[in-house]
Amino acid sequence: MEELARIVPYFGTHNPKVARAIVIAIMLCAPVAALGVGPAWVRILDFALLYVMLAVGLNLVVGFAGLLDLGYIAFYAVGAYTWAFLASPHFGVHLPFWVVLPLGAGFAALAGVILGFPVLRLRGDYLAIVTLGFGEIVRIFMNNLNHPINITNGPQGINMLDSLHIFGWDISRKIVISDDFSITSLLLYYYVFLAFVVLSVILVKRMQVSRIGRAWAAIRDDDLAAKAVGINLRNCKLLAFAMGATFGGVAGGLFGAFQGFVSPESFSLMESIIVLAMVVFGGMGNIGGVIIGALILSWLPEVLRSYAVPMQTALFGHVLLDPEILRMLVYALALIFMMLLRPAGLIPAHSRYSKPELVLGKRIDVSGGGVQA
Amino acid sequence: MIKLLEARGIHKRFGGLQALTDVSLSINKGEIYGLIGPNGAGKTTFFNVLSGAYTPEEGEFVFAGAELPYGQPHKIVQRGIARTFQNIRLFRELTALENVMVGHHTRSTAGLFGILFQRKHVREEERLVTERAYELLKYVGIERFANTVSKNLSYGDQRRLEIARALATEPQLLALDEPAAGMNATETTHLRALIETIRHDGVTVLLIEHDVKLVMGLCDRVAVLDFGKKIVEDVPVVVQKNAAVIEAYLGGAHA
């Protein structure tokens, strides 16, 4: 929150309260504004929020604990398939969201621990390769577990997932207030997702400024020294994998409910890379940066999709570059320029893992210049 | 004299290299114990075996009356042995204050759910840890830089910070690996005063050092390692006159 407020032009540095109010206002009004352009844009916003949740979860593993995870989307898949199994006609089970979501999160956390154990001793590139393999294994399982017993329905995916019912109220149905005024379900989903995102961010921030967050940062900066101050590396790494996976699992469940359909192709390696790109692009370790990164990189392709084709037909008379190709090009360019101009990400991490003001009151200069005289 | 740490017949081999051969020594409670020896004598290896980073082939450590576990550095820290490194190893992206707070890890208890729900005892612990960390920065004299990212500290201050971080684990035995390396004369004098204060406050100190003057002036007892073997263990005055020690340092011709 503070990180986001600080980047508001002018007010961010001059009047934090106003900056914060602006951020909240944007968060609340964005879908209404998007609705003015077209309902498709609200849908894009909804997806952007899911990506924010994924990026915030992945940031916990990559940004805080320094464990490069290229198979993160597997946890998203676990969450989504949990929803598909427990809330769809596929098995004929229809459990409410407050059972399915925690279960999805739990299964994802379990998957995180399962991934975590074999990779405890790996670092950097080696860790990336194994996690990448893990992500693919999960996807291939989803793809092939339709035979001999049909569990996942294979490549066709599972259809007609239950939508989100909150206390008996189906938010996929629009609220009709009068004949010409109604609130679409897209808008409702937006606010539900927003609530989940805000909750995730609060929880992640609490972990960051705590004994656990500091232990993660210590492992990231120097694991030998972390051992030497008495940190149990195994437990801390497993906890990082499990907690990161939990957020992925919740996001996956929400995705299933929102989309109404899951299939293995939504969980390809490319998705893992995109989420990682969001984290790196925004600024590893900085929650505000990661949120901005996720928002920009999930909006950009959609903007391209809607403007690239008409623009090209207007300019050249026919479509030269498919938007899908353009999307990859823009991603690549964005990352290359990022590495050249701002190697630490859009908003470099000034992440704090403590609250010095607890002891020092106002004597301390939080910007890092030491205590003021 | 109460023995705090006793090493019994420690052997450590790296492939064909016998790094430590039958090293036995004992450190008394409340003393400053020096471990010296020429380069490659096995001093740092001894440290790494003691702190659990390496497992010895033979031998055992008895610390405060009970044997130390092998290969689990975090358990050894819990038992009350803290160490610093020859080449400084700080958590570079964390501030000085946070570095020391990480040191409190084993002495604090906040669990995952306490943190997620910000339970009262967790908030209280967080405040105490912050306070204690600041006190420790004051103790080593770098509280001005509490909020400076540790990689931006000067060399001497980084050394001090590493000591503060080690003290944060509330050790009975503080093992310092060449703390004066690369320090100028003034910094060494300050360091010496700091080590004396630490001892005065009840922490036993094990000191590996190249600066013979510092060791001889500071330590109550000194052991000398050469080629992985302990050649002598005694008070500094005696060690200085020992023929084997002079030979190890200056070569056979001078003995």
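Tabulated data
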{"quantity": "Of all residues in segment B:100-136 being surrounded by 22 or more Cβ atoms within 10 Å (Cβ to Cβ) and more than 9 Å from every other protein chain (Cβ to nearest Cβ), the one that is nearest to A:Phe241 (Cα to Cα)", "calculated": "B:Val100"}
{"quantity": "Leading residue by the ranking (farthest from the other protein chains (Cβ to nearest Cβ)) among those in segment A:220-236 that are in a helix (DSSP H, G or I) and surrounded by 23 or more Cβ atoms within 10 Å (Cβ to Cβ)", "calculated": "A:Ala226"}
{"quantity": "Number of positions in segment B:152-186 that are in a helix (DSSP H, G or I) and either touching a His at 6+ places or on another chain (Cβ under 9 Å) or surrounded by 18 or more Cβ atoms within 10 Å (Cβ to Cβ) (or both)", "calculated": "13"}
{"quantity": "Verdict on B:Ser24 being in contact with a Lys or Arg (Cβ under 7 Å, 6 or more places away or on another chain), within 18 Å of B:Arg79 (Cα to Cα) and of a type outside the set (Val, Ile, Thr)", "calculated": "no"}
{"quantity": "Residue tally, condition within 18 Å of the chain's Cα centre (by Cα), within 12 Å of chain A (Cβ to nearest Cβ) and part of a helix (DSSP H, G or I), over segment B:47-98", "calculated": "10"}
{"quantity": "The lone exception for B:Val129 - which of (1) of a type outside the set (Asp, Glu); (2) under 22 Å from A:Leu233 (Cβ atoms); (3) part of a loop (DSSP other than H, G, I, E, B) it fails", "calculated": "(3)"}
{"quantity": "Test: residue in segment A:306-318 that is within 30 Å of B:Arg144 (Cα to Cα) and assigned to a helix (DSSP H, G or I)", "calculated": "no"}
{"quantity": "Top-ranked residue in segment B:211-225 [being assigned to a loop (DSSP other than H, G, I, E, B) and in contact with a Gly (Cβ under 9 Å, 6 or more places away or on another chain); ranked as farthest from B:Asp157 (Cα to Cα)]", "calculated": "B:Asp220"}
{"quantity": "Number of the exception - A:Arg342 against (1) over 29 Å from A:Asn143 (Cβ atoms); (2) in contact with a helix residue (DSSP H, G or I) (Cβ under 9 Å, 6 or more places away or on another chain); (3) among the charged types (D, E, K, R)", "calculated": "(2)"}
{"quantity": "From the options B:Ile198, B:Ile246, residue that is touching a Leu at 6+ places or on another chain (Cβ under 8 Å) and either free of Cβ contacts under 8 Å to residues at least 60 places away in the same chain or outside any loop (DSSP other than H, G, I, E, B) (or both)", "calculated": "B:Ile198"}
{"quantity": "Residue that is nearest to B:Ser51 (Cα to Cα), among those in segment B:160-195 that are in contact (Cβ under 8 Å) with a residue 60 or more places away in the chain and among the charged types (D, E, K, R)", "calculated": "B:Asp177"}
{"quantity": "Flag for B:Ile195 being more than 16 Å from B:Lys43 (Cβ to Cβ), of a type in the set (A, V, I, L, M, F, W, C), crowded, with 18+ Cβ neighbours inside 10 Å and under 20 Å from the mean Cα position of the chain (by Cα)", "calculated": "yes"}
{"quantity": "Qualifying residue in segment A:190-206 (condition: modelled with pLDDT under 85, touching a Leu at 6+ places or on another chain (Cβ under 6 Å) and of a type outside the set (D, E, K, R))", "calculated": "no"}
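The values are calculated or read from the model by the stated rules, or taken from the named source; none is laboratory data. A quick note: this is a predicted structure, and the numbers were derived from the prediction, not measured. Backbone-built Cβ (ideal geometry, glycine too); neighbour counts: all protein chains shown.
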